[in-house]
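Taking it in order: structure first as structure tokens, then the write-up.
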Amino acid sequence: MMKRLLLIFGLIFQLSAQAEHPGPNPQSAPLNQQVPLMILQRSVDSLMQDKTEWLQGLLPYLRAEDREALLFRSLSYLQQNNYIPKQNLQAWLAELALERPQILEAAVIDGYEVIRPTYDYPALARSLILNQVSAERSQLYLSQLLRDEFQWSLIFRRNNPLLLGQQLDVIRAFSHLSGQQLAYIQRQMPQQLYFPDNHLRVVLAMGIGSDSALNAVLRLPMDQYSVSLLEWVRERLPPERAFSLLKSAAENPELLYFAYSAIARLGRSYPPAAQFILAQFRDSEHRELAAMVMIEMQSR
């Protein structure tokens, strides 16, 4: 009886594929572009409930390409939503992580032909397993931060090969803390730490939310997180306060262009910001930059 039900599910899958890819020969139209929504939803719903039986029962009746496409789309959805797999799903993901995909494609990279999986679901399986490890580590860091026992120098050092991943877990722990708690943590942080980028310090400053904390980060050497912080200031803070912070950021030569650009966009709804850019254009050593920003505004 179970086999008959599974065969019916397989037929539904193939008919759904035919509806998505009509043509004279449905057997030659695998699901390499679009997994039928009905099947994908059922698969994702089951996995997010830590249930694999339905999907495991269906997979043997699918063609290799259909099977790998369904696995890839399902695990992609879980990964995009930062899903933390539970015990049953972890065991199944561990098995998938060891598989070798059968459906391959050729790509040219730097002049060399490279053969790679079309649907690299084992990589997604490994990534989801790491989500669980990361969640557990983040909880450990949170408890240490709350007890004032966090060992900053064990993580934030130049020769730590796990630094980027562990930094993300510290940042996840920050999301459970209040601005007051983050301000205390900032005061207790050792001075001599190695940060690979501004990510943690930007998140810390946004969590604290004070002008002094934000200004301190905006004085650091620029990276993409500094630029993102300018956008956060422009979009999230009251216009008068945002304008003041953006003007302060313009004092950092590395952030000058990005600060002017953010001020110009703020000027669409806050006239003092527009007047500032116009004044810089008329009488400032940065008049060429102000002109460039004004031209870019007009072209948008």
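Some points to look at:
- Among ALA259, ALA205, ALA274, residue whose mean-square fluctuation peaks in a GNM of the chain (springs only between Cα atoms under 10 Å): ALA274
- With 0.36 nm allotted per residue and the present C-alpha distance subtracted, the ASN215-HIS286 stretch has 23.4 nm of extension available.
- The accessible-area ordering, largest first, of the residues SER134, SER210, SER269 stands as SER269, SER210, SER134, per a 1.4 angstrom probe.
- Structural descriptor for the stretch 198-300: relative contact order 18 percent, calculated from alpha carbon pairs under 8 angstrom and at least 6 residues apart.
- Cα-based convex hull, the stretch 111-163, per residue volume (Å³, whole number): 110 Å³
- The ratio of the alpha-carbon radius of gyration of the stretch 67-138 to the globular-protein estimate 2.2 N^0.38 Å is 1.24.
- Nonpolar atom fraction for the stretch 85-204, defined as the carbon and sulfur part of the 1.4 Å probe accessible area, stands at 51 percent.
- Choice from ALA107, ALA264, ALA135 with maximal GNM fluctuation in the chain (Cα, 10 Å cutoff): ALA107
- Overall, the ratio between the Cα radius of gyration of the stretch 152-207 and 2.2 N^0.38 Å, rounded to two decimals, is 1.08.
- For the stretch 250-300, the Rg and Dmax computed from alpha carbons only, in angstrom: 9.9, 26
- Taking GluC sites (Glu not before Pro) in DSSP loop conformation with at most 15 other Cβ atoms inside 10 Å as exposed sites, the chain has its longest uninterrupted site-free stretch at 150-250.
- 1.4 Å probe accessible area per residue over the stretch 146-284, in Å²: 54 Å²
- Dipole of the chain, positive direction: furthest Cα of ASN252, MET189, MET292, with charges on the beta-carbon: MET189
- Relative counts (whole %) of C-alpha pair distances in the stretch 92-237, using bins that are 10 Å wide: 10, 30, 26, 20, 13, 2
- Here the stretch 31-154 is assigned +1 on the Cβ of each Lys and Arg and -1 on the Cβ of each Asp and Glu. Its dipole about the Cα centre then comes out at about 240 debye.
- Axis of helix 199-208 versus longest Cα principal axis of the chain: the two differ by about 70°, to the nearest ten degrees.
- Taking the C-alpha atoms of the chain, convex hull volume expressed per residue in Å³: 219 Å³
- Basic side chains Lys and Arg get +1 at the Cβ, acidic Asp and Glu get -1 at the Cβ, and with that the dipole of the chain about its Cα centre reaches some 540 debye.
- Global form of the stretch 211-300, assessed from the alpha-carbon gyration tensor, a/c cut-off 1.5: prolate
- Accessible-area ranking of ASP50, ASP148, largest first, probe 1.4 Å: ASP148, ASP50
- Computed over the chain, the per-residue total of -39500 (n - 2.57) for DSSP H runs of n ≥ 4 gives a 222 nm mean residue ellipticity of -20500 deg cm²/dmol, rounded to 500.
The values are calculated or read from the model by the stated rules, or taken from the named source; none is laboratory data. These numbers come from a predicted model, not from an experiment. For neighbour counting, all protein chains shown are included, and Cβ atoms are generated from backbone atoms with ideal geometry for every residue, glycine included. The protein model used for the area step is the full one, side chains on, heavy atoms only, and it has no ligands, DNA or RNA in it. Shrake-Rupley method; radii C 1.70, N 1.55, O 1.52, S 1.80 Å.
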